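Here's the structure, in structure tokens; my notes come after.
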Amino acid sequence: MKAKVIKSTGSWYICESEEGQIRARIKGKFRIQDLNTTNPLAVGDVVFLKKEEGLETYMIHEIEDRKNYIIRRSPRNPHKNHIIASNLDQLFLVGTMSMPRTSTGFMDRMLMIAEMHHIPATLIINKRDIYKDKDFERFDLIKKTYENIGYGVELISAHNEEDVERLNGLLKDKTTLFAGHSGVGKSTIINQLIPDLDLQTKELSSYTHKGKHTTTYSEMHLLPVGGYIVDTPGIKELAAVDIEPEEVSHYFTEMKDLLPNCKFNNCLHREEPKCAVRQAYMDDLLADSRYGSYLKILEEVSSIDYWKR
């Protein structure tokens with residue numbers, strides 16, 4: 001029986017098939033494969049089930065090849081990776097200008113990871129209903145920066161009906177990963193998009209102004225307009241995996257077309273002579289925040305500690 005993994009709780013998986021939702025466990029061989037991941041299966045995987053002999057439970061015995069996936073360094077085991085979700089049509093990176101503030105560094109890391117796995121991404125900036133003038137000024141700068149390099153940017157309030165309808169138009173008939181820090185309102189947005197769902201939400205910490213985790217496992221939800229949302233636990237830290245230093249610039253969209261014009265094929269765009277990327281930055285053709293994010297990621301993946309993990 002063919003099915004789609006819609007929720008993972010560790011040792012058991014909830015799968016959606018033509019017969020409805022089925023609780024299944026994984027066959028042992030998946031656990032010994034050299035995947036270097038904490039989870040051999042992820043939400044979004046298409047699997048094949050067999051009923052266990054003499055039991056009412058099912059066993060997952062095969063997984064269909066993934067068309068793509070989002071992966072990051074495991075937050076619990078730095079020596080392993082964690083697949084967040086697979087078989088995605090797009091990624092919505094949910095952020096906020098304040099309460100809590102999403103940094104451009106985090107945005108750039110998430111967008112780079114999406115580029116690595118050929119997943120289109122859109123920035124969804126939530127909580128416009130609470131912003132002050134300085135927040136709107138920062139949003140205008142972010143909108144200009146990211147739209148100039150090809151990303152969609154949407155300013156919304158999860159409590160505004162027109163904004164929710166606008167999101168429905170972008171989500172219809174697609175499988176979309178919602179990702180972002182805790183506290184940015186992912187669960188509140190999803191509750192508005194799927195009114196019967198009633199996901200748990202929590203207020204921000206009054207001390208830190210940071211979010212509290214409400215989603216503990218990745219889970220896929222069917223949208224009334226068609227398509228799926230993949231809800232993920234809030235991401236505190238994000239590190240790309242399996243990337244060489246000279247590859248980082250390939251996943252910054254505004255740098256890709258410049259790379260053939262660099263003098264050296266393995267140019268890292270720091271202090272090398274006749275570097276087209278560095279020249280573009282000096283000519284104010286690259287945003288300061290984006291180039292700064294690039295240098296920070298480059299420093300991380302160039303470090304010995306990164307490859308010892």
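DSSP beta bridges confined to the chain are antiparallel in about 55 percent of cases.
Please list, ordered by chain and number, the residues whose modelled amide H lies under 5 Å from the amide H of Tyr58; skip anything fewer than 5 residues away on the same chain. For Tyr58, the qualifying residues are Arg25, Glu52. In the context of the full set of protein chains, residues of the chain present 53 Å² of accessible surface per residue (probe radius 1.4 Å, heavy atoms only). With a 1.4 Å probe rolled over the protein heavy atoms of all chains, the accessible area of Arg23, Arg76 falls in the order Arg76, Arg23, largest first. Ser218 exposes around 20 Å² of accessible area when a 1.4 Å probe is run over every protein chain in place. Each Lys or Arg adds one and each Asp or Glu takes one away; over the other residues whose Cβ falls under 13 Å from the Cβ of Val225, this sums to +1. Compared with the dominant Cα axis of the chain, that is its longest principal axis, helix 133-148 is turned about 90°. The H on the amide N of Ala239, modeled in the peptide plane, is under 5 Å from the matching H of Arg73, each at least 5 residues off or on a different chain.
Sequentially through segment 284-299, phi angles give Karplus couplings (6.51, -1.76, 1.60; θ = phi - 60°) of 6, 9, 10, 5, 3, 5, 5, 5, x, 4, 4, 5, 5, 5, 4, 4 Hz, Gly and Pro residues having no value and appearing as x.
Amide H contacts under 5 Å for Ala121: Leu91, restricted to partners 5 or more places along the chain or on a different chain, H placed in the peptide plane at 1.01 Å from N.
For Phe48 and Ser17, the difference between the fully extended length at 0.36 nm per residue and the C-alpha to C-alpha distance is 10.2 nm.
Projecting label points 7 angstrom from Cα along Cα→Cβ for Asp133 and Ser303 puts them 4.0 nm apart. Evaluating 6.51 cos²θ - 1.76 cosθ + 1.60 at θ = phi - 60° for every residue in segment 43-54, the Karplus couplings come out as 4, x, 5, 9, 10, 10, 10, 10, 6, 6, 4, x Hz, glycine and proline recorded as x. Quick note on the chain: its Rg to Rh ratio, both from C-alpha atoms and Rh being the Kirkwood radius, is 0.99.
Whole-Hz Karplus values for segment 108-124 come out as 5, 5, 5, 5, 4, 5, 4, 4, 4, 10, 6, 10, x, 10, 10, 8, 10 Hz, taken residue by residue from phi with 6.51 cos²θ - 1.76 cosθ + 1.60 and θ = phi - 60°; glycine and proline positions read x.
Near Tyr151: Cβ cut-off under 13 Å, other residues only, Lys/Arg at +1 and Asp/Glu at -1. The net charge is -2.
The values are calculated or read from the model by the stated rules, or taken from the named source; none is laboratory data. It should be emphasised that the depicted structure is a prediction, and the values quoted were computed from it without experimental measurement. Neighbour counts are summed over all protein chains in view; Cβ atoms, including those assigned to glycine, are modelled from backbone coordinates with ideal geometry. What goes into the accessible areas is simple: the full protein's heavy atoms, side chains included, and nothing from ligands, DNA or RNA. Shrake-Rupley method; radii C 1.70, N 1.55, O 1.52, S 1.80 Å.
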